[in-house]
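So the structure is just underneath, and the comments pick up after that.
The values are calculated or read from the model by the stated rules, or taken from the named source; none is laboratory data. From a predicted model like this one, the values you see are computed outputs, not experimental measurements. With ideal geometry, Cβ positions are generated from the backbone for all residues, glycine too; neighbour counts draw on all protein chains shown. When the accessible area is computed, the model is the full protein with side chains, heavy atoms only, and any ligands, DNA or RNA have been set aside. Shrake-Rupley method; radii C 1.70, N 1.55, O 1.52, S 1.80 Å.
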Amino acid sequence: MKFQLISAFQSNADSGYRLLPFRFGRLPDRPDEVLVTGDSGRFTFLSQADFLAFADHRLDPTTTRARDLEGLDLLHRGDRPIPLDRHAIAWRTRKAFLFDGPSLHIFVVTLRCHHSCRYCQVSRRAESDAGYDMDEATARAAVDRLFESPARQLTVEFQGGEPLLAFERIRGIVEDIAARNRSQRRTITFVLASTLHGVTDEQLAFFREHRFELSTSLDGPAALHDLNRPLPTRESHARTLAGVARARAALGADHVNALTTLTRASLAHPEAIVDHYIEQGFTSIFLRPLSPYGFARRGLARQGYATGEFMTFYRRALAHLIRRNLEGHALTEAYATLLLSSILTPFAHGYMDLRSPAGAGLGVLLYDYDGAVYPSDEARMLAAEGDRRFRMGSVHTPYRELLLSEPMQAILAAGLTEGLTGCADCVFQPYCGADPVDAYARQADVYGHRPSSAFCARQTAMFELLFGYLRDGDADVMRVFQSWVQRRAVAEIRGEPPEAIDAAA
Amino acid sequence: MRPHETPAEFRGVPERRLLKIVDGLTFARGDLTPEQCAWHSDRPGAPIPDLPWGAVLVAPVTGSYDADSQPRATDADARSDAPRNGVPQIRLARADAAAPGDVVELLPERNRLRTRYRRGANANTLFATERCNSYCLMCSQPPRRVDDDWRVNDMLEVIALLDRDVPELGISGGEPTLLGDGLVAILRACRDRLPDTPLHVLSNGRRFGTTALADAVAGLRHPRLTWGVPFYADVADVHDYVVQSAGAFDETLHGLLMMASKGLSFEIRVVLTAPTVARLPALADFIWRHLPAAVHVAFMGLEPIGFALANHDALWINPADMAEPLTRAVHHLANRGMAVSLYNLPLCVLPAALRPFARRSISDWKQRYLDTCDGCAVRARCAGFFEWVKPGWIPHGLHALNAAEVSET
């Protein structure tokens, strides 16, 4: 048998190539380049000339450029059948969360709280109010629903109000779940969202026993935090840090995280907020813009801000974070990490707000203190304001009926970016998600209207910012991004030179 | 280096057969009958237990046993140190050609003894078949179209004689999956006899893409089975050219995806040749995006033997000329948490950034160093060269590394 030359294995130039599904767009400051993304999230930048040749079937299929685009799953050379398996499996991998059903189960154990935060998105009640705690029968029924969901890995999150004000209910639920899980054998993570003010040693010992993740709120340095989170005693910041210190001592530092809420006052201090998290020994910061829900909407005129103002803040914060990471401070930004994971890995992510199909209901069930079941926290907020259209049923409604309820039909119809006007052909579609409840809350329409959507504006700006960094390809920035995505130290990541983009067609 | 085959004289061995070499300890710890074993005295003149051995090893013509050692008197009183009449005998040309724990094949018609398994070697491989459905430019074991299904039973016989604590075992060919159900039977035998032994099967994976093999193998639930699958490019024409088979890329990729979806463990093996080097970074990203379940990615220097010799000009590339794309590919995968190794490449011709990934990968019996290597500080960690390396296959820039360079690795 004689060996054959490579030309024997190439389709001839005349048979050309076929295009595989792709989307495209341009970054604001790079009008001569085109970002091209494939269905499974792989991407490349092409010069305008190359892009037009590619899309017009004018590329010579024997060139390196054509080979590169084939390797990226953007075209298929020759006249052999397109092997769909690799595309189907890559797509299935990114949508793997669909196989699990609801994995996040939120228990609102009380609406009572001792804070009166101006932007509070939770319909809180005063600490002494009666009738706003979850009762035992409701809790037991909610645990029935939890175990009806098929997911092998479950996260059980306790919210309020301030859930520590109903600690005995938390204890009862956790012990009920733990007892039933001896036969169910699910992997369960408990999360508590709390100010941690006044957390007791007994409570901490309990959280340690059940390996809780504690999540608290820290808005930045004391002046900013206390401005955002008023207590009659004006000592919220000090009490939060004291709670964090005690929680870390009891559970270990990696079990205590903090979230940042950003008010208008925060926007002037991106570096100070980042540095405060580093000083306080956190390894992650989540720079969340203000939520439009609940009581927060009433304060928007005073405390709210437009997407552009938020992005100005965020750009500075991210640049500062990158610098600090390169200096050896391992602090990730949670939202950027989430988006980068979606862009730079083949995997599904766990973030409910950025899924397609939507995470509401399909990934999350929320059990309110009064026994109502909602597909998300936002749906509960709407109900607290009198609009109960997303109430799926009660904790006594079987799981199957909850998932087939009318609110879920509406969410499913509007919860697929692949089919939404303004999303379906967006270059960032593979990385974004639909949240019909959010769309309804903001725009009174589950389908939403992308050109006037603040959510879309922010997502687009975030993707443009991150893809701008990826296009620049600075080796140090890429090391920081990979360290966030891979959850490793920057020092462990080796430099990766940027992909060369040949402007010549 | 000890040979695979060694001259031997046989008495009372009419035909080819497989036996396990045992001494007292090996026999006592094993589960074999005396008929399956060849008795190997630990000293010349030591008494031979009175059991129906398959054969007895007797001292070589030019003995290399210690001349001072003496049989113990008490044993000698009880038993004879000479094989009884009628017990088959093996007389080796070299005493060290067989040792307890080895599995040997007696070839009386050729007066040879072939070692099929060597206890303590850093690699032991079962040879599955000479047939292959690819025809790789650099094949080290050029395939032949022969009917060698007899090898299935032969391998099952070898497996039955192996120590139960074999540290690792390989199966290669040819293309083992061409044995079909025969291969499944072999994997089942390994699972049952050697459940704790990592088993590594080299396969091009194509039949995982075209048959129900993935289901059959997944059904075995072998706890330590890994498939080593060669994969050379992110695009079909480069891969198909290297393996000289149109359509092979699609079949292998489909096979790998089947393995991943059935939960089978696989590693990807990329042989570094002139036609594949340019696309290594693209291949690395393709692997990360489509095959992140790979437990290991090995980039391998060429073995100058077999078809490679005929295709030297098409294949050969100096390590220095692949440094840039190879470094990118290795770092791309390692940064993303994938296990990466470099095989068959001397440390001194690799960039310092790649040396931590280099392994001493060449099996004992076919590995050597060159004169240049004298005095090298990392020689003991270096892959060195294949025994049969020859001019035209030796990288430019070989040099002994000094202690300062070693600290970088």
Looking only at the range B:158-194, filter to residues that are under 21 Å from B:Val217 (Cα atoms) and of a type in the set (Asp, Glu); which one of those is nearest to the chain's Cα centre (by Cα)?
B:Glu168
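Residue-wise test of (1) at pLDDT 95 or above; (2) open to solvent by less than 50 Å² (accessible area, probe 1.4 Å); (3) within 12 Å of another protein chain (Cβ to nearest Cβ).
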{"site": "A:Leu19", "(1), (2), (3)": "yes, no, no"}
{"site": "A:Phe24", "(1), (2), (3)": "yes, no, no"}
{"site": "A:Leu27", "(1), (2), (3)": "yes, yes, no"}
{"site": "A:Val34", "(1), (2), (3)": "yes, yes, no"}
{"site": "A:Ser40", "(1), (2), (3)": "no, yes, yes"}
{"site": "A:Thr44", "(1), (2), (3)": "yes, yes, yes"}
{"site": "A:Phe54", "(1), (2), (3)": "yes, yes, no"}
{"site": "A:Leu59", "(1), (2), (3)": "no, yes, no"}
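Does B:Pro49 fit the bill of being modelled with pLDDT of 75 or more, more than 14 Å from B:Ile90 (Cβ to Cβ) and part of a loop (DSSP other than H, G, I, E, B)? Explain how you work it out, then say what you get.
Numbers: modelled with pLDDT of 75 or more: yes; more than 14 Å from B:Ile90 (Cβ to Cβ): yes; part of a loop (DSSP other than H, G, I, E, B): yes.
Considered against the rule, which asks whether it is modelled with pLDDT of 75 or more, more than 14 Å from B:Ile90 (Cβ to Cβ) and part of a loop (DSSP other than H, G, I, E, B), B:Pro49 comes out as yes.
Being surrounded by 24 or more Cβ atoms within 10 Å (Cβ to Cβ) and away from every other protein chain (no Cβ under 13 Å) narrows it down to one residue among B:Ser203, B:Ser265; which is it? If you could, list the steps in order and put the result at the bottom.
Working: B:Ser265 fails: surrounded by 24 or more Cβ atoms within 10 Å (Cβ to Cβ).
Just a single option satisfies the conditions, and that option is B:Ser203.
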Failed condition for B:Pro391, given (1) open to solvent by 20 Å² or more (accessible area, probe 1.4 Å); (2) touching a residue at least 12 places away in the same chain (Cβ under 8 Å); (3) assigned to a loop (DSSP other than H, G, I, E, B), with all others met?
(2)
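Residue-by-condition table, conditions (1) in contact with a His (Cβ under 8 Å, 6 or more places away or on another chain); (2) within 14 Å of chain B (Cβ to nearest Cβ); (3) part of a loop (DSSP other than H, G, I, E, B):
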site	(1), (2), (3)
A:Pro346	yes, yes, yes
A:Gly350	no, no, yes
A:Pro357	no, no, yes
A:Leu362	no, no, yes
A:Tyr369	no, no, yes
A:Val373	no, no, no
A:Glu378	no, no, no
A:Met381	no, no, no
A:Asp387	no, no, yes
Are there any pairs with C-beta distances below 9 angstrom linking a residue in the range B:227-247 that is closer than 18 Å to A:Gly71 by Cβ and free of Cβ contacts under 8 Å to residues at least 24 places away in the same chain to a residue that is open to solvent by 10 Å² or more (accessible area, probe 1.4 Å) and basic (Lys, Arg), with the two at least 6 apart or on different chains, and if so which?
B:Ala236/A:Arg77; B:Ala236/A:Arg80; B:Asp237/A:Arg67; B:Asp237/A:Arg77; B:Gly247/A:Arg80; B:Gly247/B:Arg206
Per-region count, the range A:88-111, residues assigned to a helix (DSSP H, G or I) and open to solvent by 50 Å² or more (accessible area, probe 1.4 Å)
5
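Which one of these is in contact with a strand residue (DSSP E or B) (Cβ under 6 Å, 6 or more places away or on another chain), at pLDDT 95 or above and not in a loop (DSSP other than H, G, I, E, B): A:Ala205, A:Ala247, A:Ala272?
Details: A:Ala205 fails: in contact with a strand residue (DSSP E or B) (Cβ under 6 Å, 6 or more places away or on another chain); A:Ala272 fails: in contact with a strand residue (DSSP E or B) (Cβ under 6 Å, 6 or more places away or on another chain).
Selected residue: A:Ala247, the only one of A:Ala205, A:Ala247, A:Ala272 that is in contact with a strand residue (DSSP E or B) (Cβ under 6 Å, 6 or more places away or on another chain), at pLDDT 95 or above and not in a loop (DSSP other than H, G, I, E, B).
From the list B:Leu302, B:Leu370, pick out the single residue that is touching a residue at least 40 places away in the same chain (Cβ under 8 Å) and away from every other protein chain (no Cβ under 14 Å).
Numbers: B:Leu370 fails: touching a residue at least 40 places away in the same chain (Cβ under 8 Å).
Only one candidate passes the filter, namely B:Leu302.
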Among the residues of the range B:342-362, which ones are within 14 Å of another protein chain (Cβ to nearest Cβ), open to solvent by 40 Å² or more (accessible area, probe 1.4 Å) and under 13 Å from B:Met300 (Cβ atoms)?
none
Going through the range A:484-502 one residue at a time, which ones are within 23 Å of A:Leu72 (Cβ to Cβ), at pLDDT 80 or above and more than 7 Å from chain B (Cβ to nearest Cβ)?
A:Val485, A:Gly495
Being within 14 Å of chain B (Cβ to nearest Cβ) and of a type in the set (A, V, I, L, M) narrows A:Leu466, A:Leu470, A:Leu420 down to just A:Leu470
